[in-house]
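The values are calculated or read from the model by the stated rules, or taken from the named source; none is laboratory data. Remember, it's a predicted structure, so these values are computed and weren't measured experimentally. Don't worry about glycine lacking a Cβ; one is built from the backbone with ideal geometry, like all the others, and counts go over all protein chains shown.
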């Protein structure tokens with residue numbers, strides 16, 4: 001079951017001189033939930049459009065379920081459900097009519113389509129009045145659900161969600177993501193979702209790709225990402241003291257003589273220590289022996305946020321350099 | 001699942017009635033959307049009013065017209081109903097000359113860009129349907145509506161005429177009226193094709209509507225003025241020209257005028273609805289010699305309008321081809 005469902009090879013999209021996506025290589029296997037994480041304008045949507053055959057790549061190929069998305073988009077669209085970042089519906093039609101229309105476009109026979117539409121709406125949590133309401137009266141969260149229903153009605157193998165959590169409130173986001181995870185696990189769906197919200201991606205994704213300025217900077221699960229990123233930096237310990245220290249700090253040289261300690265920064269009452277190994281107990285002991293009143297000890301660990309920030313920070317400085 | 005996986009679906013013509021081709025699903029949805037819209041209701045009222053107005057004027061004058069023995073067409077009651085006027089209100093086919101564009105433009109000006117604005121275009125294009133099917137569905141659905149509307153009106157007129165006057169309609173009149181209906185539909189089709197093309201070209205529906213109306217105004221008002229100005233500037237005085245040269249100039253300017261679709265439509269409808277029209281250009285005395293002022297048979301009238309009809313169809317196809325070209329390889333982004 002480990003064969004790739006989504007396979008992008010040196011996928012490139014140029015808009016005149018601007019490279020929106022630059023030689024992207026990406027593989028997503030069956031049943032995986034992959035998060036494409038990046039700031040606005042990183043080329044996430046462009047990549048997704050190329051996967052759906054909605055825009056042509058300048059070079060490179062995108063294969064979904066074994067079909068070439070550029071040459072045979074119809075086969076890809078039969079198997080892939082795509083929810084764009086701004087879902088819109090025909091406002092003059094009811095939610096059910098909208099859903100049935102999409103169902104029929106997917107070749108579901110007319111006598112079956114209503115039944116299936118109703119079942120799918122129930123699956124995504126649209127009941128009662130909501131079914132026969134005009135979509136013009138739908139809230140953003142409900143539209144998002146209807147969008148998901150529309151993705152699911154065709155019984156897809158892959159679902160691609162572009163910024164699925166945009167504009168819904170936090171509790172709605174959680175519910176929506178749980179729903180996606182549940183569906184993915186139940187039906188063995190492969191999910192690719194793009195977002196610029198790292199927390200959400202962190203919650204649900206098996207694997208994450210960080211995408212900045214058209215390039216995939218790093219890829220892997222969150223542990224591997226943080227290991228790779230902070231290999232040289234490793235641990236940061238912050239010691240908070242009750243009393244401030246006079247500069248220059250008299251014990252700084254002694255501190256630096258400790259094995260593994262690389263750098264010490266002093267800022268009034270806070271001392272930051274960078275070391276290549278976890279030496280927190282030794283450092284605390286050092287401070288206690290020297291007679292300092294240690295108020296707090298904080299060991300920094302790297303979550304997705306730091307990973308994300310670090311990449312974007314680099315990105316920003318690069319921009320300034322240019 | 002099976003229905004989705006079946007690759008032959010959509011390619012073969014053997015689909016069953018229970019599983020219509022996505023194209024027809026789209027056409028049905030488009031027609032339903034049009035019928036339910038206020039826009040169509042307003043257009044319908046407009047057309048019904050003008051139809052009723054021009055026909056009732058014609059009805060009140062019909063006795064005089066039919067009694068006019070000097071007119072070779074005086075026996076065609078139903079054609080007369082469509083063309084007679086006493087000067088207060090133009091006849092129906094002249095009305096259609098400017099209602100047709102409005103009908104076509106208003107049904108097509110937001111075909112693609114409103115879908116794009118609402119975010120529905122990306123969704124529909126992510127379904128397993130061919131892109132051209134969407135364009136074609138927009139075109140076919142609007143044209144089906146217009147065609148059936150005009151056909152209904154014509155049949156209503158015939159039925160009403162039979163009820164009121166008690167005169168039975170002749171086969172030739174039926175064919176001419178059906179021909180007229182088809183011609184009107186093609187004419188509306190041209191404007192529809194043009195406005196769909198503009199709706200792909202411009203992201204804003206209002207821009208495409210304005211541009212379409214601008215083109216229509218140009219052809220109905222300014223084009224003739226420009227041609228007249230050019231004619232005055234370039235033509236030497238009539239006294240200095242031999243008759244043949246005068247004819248050549250006249251022909252040239254008439255042909256230039258015929259670049260406007262409304263001129264083609266006027267030419268074609270006039271010939272179809274007035275059987276005694278034998279030529280759309282000037283005739284010399286030699287050509288007229290020996291001609292009896294009598295109505296032409298349908299076949300001859302059709303021969304005369306054929307260039308106009310094919311011109312209109314060609315213009316429609318051109319618009320549609322341009323729309324295809326723009327739409328097929330464009331990036332679909334919400």
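Hey, does region B:91-114 have a residue that's over 28 Å from residue B:178 (Cβ atoms), modelled with pLDDT of 90 or more and part of a helix (DSSP H, G or I)?
Taking every residue of region B:91-114 in turn, at least one turns out to be over 28 Å from residue B:178 (Cβ atoms), modelled with pLDDT of 90 or more and part of a helix (DSSP H, G or I).
Any residue in region A:98-113 that is assigned to a loop (DSSP other than H, G, I, E, B), at pLDDT below 90 and under 25 Å from residue B:333 (Cβ atoms)?
Within region A:98-113, none of the residues are assigned to a loop (DSSP other than H, G, I, E, B), at pLDDT below 90 and under 25 Å from residue B:333 (Cβ atoms).
Quick check: anything in region B:29-52 assigned to a helix (DSSP H, G or I), more than 14 Å from chain A (Cβ to nearest Cβ) and more than 19 Å from residue B:101 (Cα to Cα)? Let's see the steps before the verdict.
Pass one, region B:29-52, residues assigned to a helix (DSSP H, G or I): B:29-36, B:38-52.
Retained after the next criterion (residues that are more than 14 Å from chain A (Cβ to nearest Cβ)): B:42-52.
From what is left, the residues that are more than 19 Å from residue B:101 (Cα to Cα) are B:52.
The answer is yes; a qualifying residue exists.
Among the residues of region A:100-116, write down those that are in contact (Cβ under 8 Å) with a residue 12 or more places away in the chain and over 15 Å from residue B:128 (Cα atoms). Can you show your working first?
Going through region A:100-116, the residues in contact (Cβ under 8 Å) with a residue 12 or more places away in the chain turn out to be A:100, A:102-103, A:106, A:108, A:113-114, A:116.
Hits for region A:100-116 are A:113, A:114, A:116.
Any idea which residue in region A:62-96 is surrounded by the most Cβ atoms within 10 Å (Cβ to Cβ), counting only those that are assigned to a helix (DSSP H, G or I) and more than 9 Å from chain B (Cβ to nearest Cβ)?
Applying the filter and picking the extreme gives A:95.
Taking only pairs six or more apart or across chains, which ones have beta-carbon atoms under 6 Å, a first residue in region B:48-68 that is surrounded by 15 or more Cβ atoms within 10 Å (Cβ to Cβ), and a second residue that is outside any helix (DSSP H, G or I) and modelled with pLDDT of 85 or more?
B:54/B:91
Let's see how each residue does on (1) at pLDDT 90 or above; (2) more than 8 Å from every other protein chain (Cβ to nearest Cβ):
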position	(1), (2)
B:119	no, no
B:125	yes, no
B:129	yes, no
B:135	yes, yes
B:138	yes, yes
B:143	yes, yes
B:158	no, yes
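Just to be sure, is residue A:38 crowded, with 22+ Cβ neighbours inside 10 Å and modelled with pLDDT under 90?
Judged against the criteria, residue A:38 is a match.
How many of the residues in region B:60-82 are touching a helix residue (DSSP H, G or I) at 6+ places or on another chain (Cβ under 6 Å) and not in a loop (DSSP other than H, G, I, E, B)?
So the answer is 6.
Looking at residue B:121, is it surrounded by fewer than 22 Cβ atoms within 10 Å (Cβ to Cβ) and either under 19 Å from the mean Cα position of the chain (by Cα) or assigned to a helix (DSSP H, G or I) (or both)?
yes
Kindly indicate which of A:172, A:167, A:141 is in the same structural domain as residue A:55 (by TED's automatic domain parsing) and at positive phi.
A:167
Report yes if some residue within region A:48-61 is part of a loop (DSSP other than H, G, I, E, B) and in contact (Cβ under 8 Å) with a residue 60 or more places away in the chain; otherwise report no.
Scanning region A:48-61 turns up at least one residue that is part of a loop (DSSP other than H, G, I, E, B) and in contact (Cβ under 8 Å) with a residue 60 or more places away in the chain.
Filter region B:220-239 for residues that are in a loop (DSSP other than H, G, I, E, B) and either modelled with pLDDT of 85 or more or surrounded by 10 or more Cβ atoms within 10 Å (Cβ to Cβ) (or both) and give the result.
B:235, B:236
Restricting region A:4-47 to residues that are in a loop (DSSP other than H, G, I, E, B) and farther than 12 Å from residue A:211 by Cβ, which is farthest from the other protein chains (Cβ to nearest Cβ)?
The residue in question is A:32.
Can you spot a residue in region B:179-188 that is more than 18 Å from residue B:104 (Cβ to Cβ) and either in contact (Cβ under 8 Å) with a residue 60 or more places away in the chain or in contact with a helix residue (DSSP H, G or I) (Cβ under 7 Å, 6 or more places away or on another chain) (or both)?
Checking region B:179-188: at least one residue is more than 18 Å from residue B:104 (Cβ to Cβ) and either in contact (Cβ under 8 Å) with a residue 60 or more places away in the chain or in contact with a helix residue (DSSP H, G or I) (Cβ under 7 Å, 6 or more places away or on another chain) (or both).
Is there a residue in region A:117-126 that is under 18 Å from residue B:33 (Cβ atoms), assigned to a helix (DSSP H, G or I), at pLDDT 90 or above and touching a helix residue (DSSP H, G or I) at 6+ places or on another chain (Cβ under 8 Å)?
Within region A:117-126, none of the residues are under 18 Å from residue B:33 (Cβ atoms), assigned to a helix (DSSP H, G or I), at pLDDT 90 or above and touching a helix residue (DSSP H, G or I) at 6+ places or on another chain (Cβ under 8 Å).
Can you list the strands (runs of 3 or more DSSP E) lying wholly within region A:211-304 that have 3 or more residues being within 30 Å of residue A:21 (Cα to Cα), in the same structural domain as residue A:23 (by TED's automatic domain parsing) and at pLDDT 80 or above? Full working, then the answer.
Values: elements: A:215-220, A:235-241, A:261-267, A:270-275, A:294-300.
The strands (runs of 3 or more DSSP E) meeting that bar are A:215-220.
Would you pick out the residues in region A:268-287 that are surrounded by fewer than 14 Cβ atoms within 10 Å (Cβ to Cβ) and under 35 Å from the mean Cα position of the chain (by Cα)? Lay out the reasoning, then the answer.
Within region A:268-287, the first condition is being surrounded by fewer than 14 Cβ atoms within 10 Å (Cβ to Cβ), and the residues that meet it are A:268, A:277-278, A:281, A:285.
Scanning region A:268-287 gives A:277, A:278.
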